[in-house]
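Values quoted throughout were computed directly from the atomic coordinates according to the rules given, and no laboratory measurement underlies them. Just so you know, these numbers come straight off a predicted model, no measurement behind them. In this analysis, Cβ positions are derived from the backbone assuming ideal geometry, glycine residues included, and neighbour counts consider all displayed protein chains.
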Amino acid sequence: MSRDYSKYINRAGYQAPLGYDPNKYFRPSVAVDLLIFSFFEQKLHLLLIQRKNLPFKGYWALPGGFVEKDEDLWETAQRELWEETGLKNLRLIELGAFGHPLRDPRTRVISIAYLSIVRKERVKPRAGDDAKEAGWFPLRKLPELAFDHELIIKSALARLKELAILSPILADFL
């Protein structure tokens, strides 16, 4: 779902003010995190990856990663989904932004989280890129998680409850 921005950038007024200094403001890193849910064995499960590298080497985490310079957020989400889990073309719903200054020990990272609900039998996740393993975990038995992913998951569950109220189809699925 790459967005066409030509309508917005190819018009008068699309220019930085004379003398504008982009280094005047702090520039945090931007990332995406992905919450892929499935319901099986009478329980809601979440797809996690085990990190290969620091920080949090060996911890389980939500799939995700950094936005590249010329990449749209949605494109980053699809790329990271493919690179870390082997999954592609999932319907993703934007959950929200998470940006506590200490959420990542490397630098200030603002993350945009996306969620999806899939049927387990239709997807075959596999670890890739900087993921050592990929696996489904029952929501009530999650391992200790990297970063602030526990908080992101709690936010996603609240959103799923809202969606279930608004959508009888989702309520049946869950």
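For the stretch 1-79, give the magnitude of the charge dipole about the Cα centre (Cβ charges: +1 Lys/Arg, -1 Asp/Glu; no others), in debye to the nearest 20.
Around 180 debye, computed over the stretch 1-79.
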ask   = When the scattering of the stretch 75-174 is computed by the Debye formula from its Cα atoms alone, each counted once and equally, what is log10 I(q)/I(0) at q = 0.15, 0.17, 0.23 Å⁻¹?
value = -0.74, -0.98, -1.65
request  = Could you work out the local net charge near A31, counting Lys and Arg as +1, Asp and Glu as -1, over the other residues with Cβ closer than 10 Å to its Cβ?
outcome  = -2
query = Can you give the charge dipole size of the stretch 24-136 about its Cα centre, rounded to the nearest 20 debye, using +1 on the beta carbon of Lys and Arg and -1 on the beta carbon of Asp and Glu?
reply = 260
ask   = Straight-line reach from K52: which aspartates and glutamates have Cα under 17 Å away, leaving out those fewer than 8 places along the same chain?
value = D33, E80, E83, E84, D104, D129, D130, E133, E144
ask   = What whole-number value in cubic angstrom gives the convex hull volume per residue for the C-alpha atoms of the chain?
value = 143
The chain - mean residue ellipticity at 222 nm from DSSP helices (-39,500 (n - 2.57) per run, n ≥ 4, rounded to 500) = -7000 deg cm²/dmol
task = Pick out, in residue order, every one of the trypsin sites (Lys or Arg not before Pro) in the stretch 8-68 that is DSSP loop and has at most 16 other C-beta atoms within 10 Å; say none if there are none.
result = R11, K52, K57
message = Could you work out how much longer the chain between N53 and E133 gets when fully extended? Use 0.36 nm per residue separation minus the Cα distance between them, nm to one decimal.
response = 27.6 nm
message = Please give me, ordered by residue number, the chymotrypsin sites (Phe, Trp or Tyr not before Pro) of the stretch 1-97 that lie in loop per DSSP and have at most 12 other Cβ atoms within 10 Å.
response = Y5, Y14, Y20, Y25, F26
message = Looking at the chain only, what percent of DSSP beta bridges run antiparallel? Nearest 5 please.
response = 65
task = Identify the residues of the stretch 8-24 with backbone N under 19 Å of a label point that sits 7 angstrom from the Cα of D72 along the Cα-to-Cβ direction, or state none.
result = 8-11
Percentage relative contact order, the chain, counting C-alpha pairs under 8 Å, at least six apart = 27
